[in-house]
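Heads up, the thing below is written out as structure tokens.
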Amino acid sequence: MASQPKGRDIDAFRAAHDKSFIVPKRIRDGLAALGESWEYEVEFIKRCQLDNTSFAAYREQFKDFYLELSGKSPKRIWAGTKAFANKLRERAT
């Protein structure tokens, strides 16, 4: 009698259903795709294929990768690397 193939393991479950795994991974993937460039947060959220609420819940973990520009209509800018974010900060003053 042939044995039944095994089902999926716990890692597969986590990758499919655990937001604390999925959302940060999508953000990391988005940052990697940006590389040495930047985009506004609205565009970046779309790149990460996330909704605003999920994204906002994990944003603070990645504070080294974004800067906030004040003004009449404040904007948040995301950079693909910490070094590039620092370059943007230097020029934003």
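The values are calculated or read from the model by the stated rules, or taken from the named source; none is laboratory data. Since the structure is predicted, the reported quantities are computational estimates derived from the model, not experimental observations. Don't worry about glycine lacking a Cβ; one is built from the backbone with ideal geometry, like all the others, and counts go over all protein chains shown.
Could you list, in sequence order, all residues of segment 12-59 that are more than 16 Å from residue 78 (Cα to Cα), loosely packed, with under 11 Cβ neighbours inside 10 Å and either of a type in the set (A, V, I, L, M, F, W, C) or touching a strand residue (DSSP E or B) at 6+ places or on another chain (Cβ under 7 Å) (or both)?
The answer is 12, 16.
I'm told residue 76 meets every condition in (1) under 24 Å from residue 19 (Cβ atoms); (2) of a type outside the set (A, V, I, L, M, F, W, C); (3) part of a helix (DSSP H, G or I) except one. Can you identify the failing condition by its number?
Of (1) under 24 Å from residue 19 (Cβ atoms); (2) of a type outside the set (A, V, I, L, M, F, W, C); (3) part of a helix (DSSP H, G or I), only one is false for residue 76: (3).
Which of the residues belonging to segment 1-40 are assigned to a loop (DSSP other than H, G, I, E, B) and among the small types (Gly, Ala, Ser)?
2, 3, 7, 35, 37
Out of the residues in segment 1-60 meeting the condition of being basic (Lys, Arg) and within 17 Å of residue 84 (Cβ to Cβ), tell me which one is nearest to the chain's Cα centre (by Cα).
If we take residues in segment 1-60 being basic (Lys, Arg) and within 17 Å of residue 84 (Cβ to Cβ), then 28 is nearest to the chain's Cα centre (by Cα).
Condition test on residue 50, is it outside any helix (DSSP H, G or I) and either of a type in the set (A, V, I, L, M) or at pLDDT below 85 (or both)? Outline the logic, then answer.
Details: outside any helix (DSSP H, G or I): yes; either of a type in the set (A, V, I, L, M) or at pLDDT below 85 (or both): yes.
For residue 50, the condition - outside any helix (DSSP H, G or I) and either of a type in the set (A, V, I, L, M) or at pLDDT below 85 (or both) - is met.
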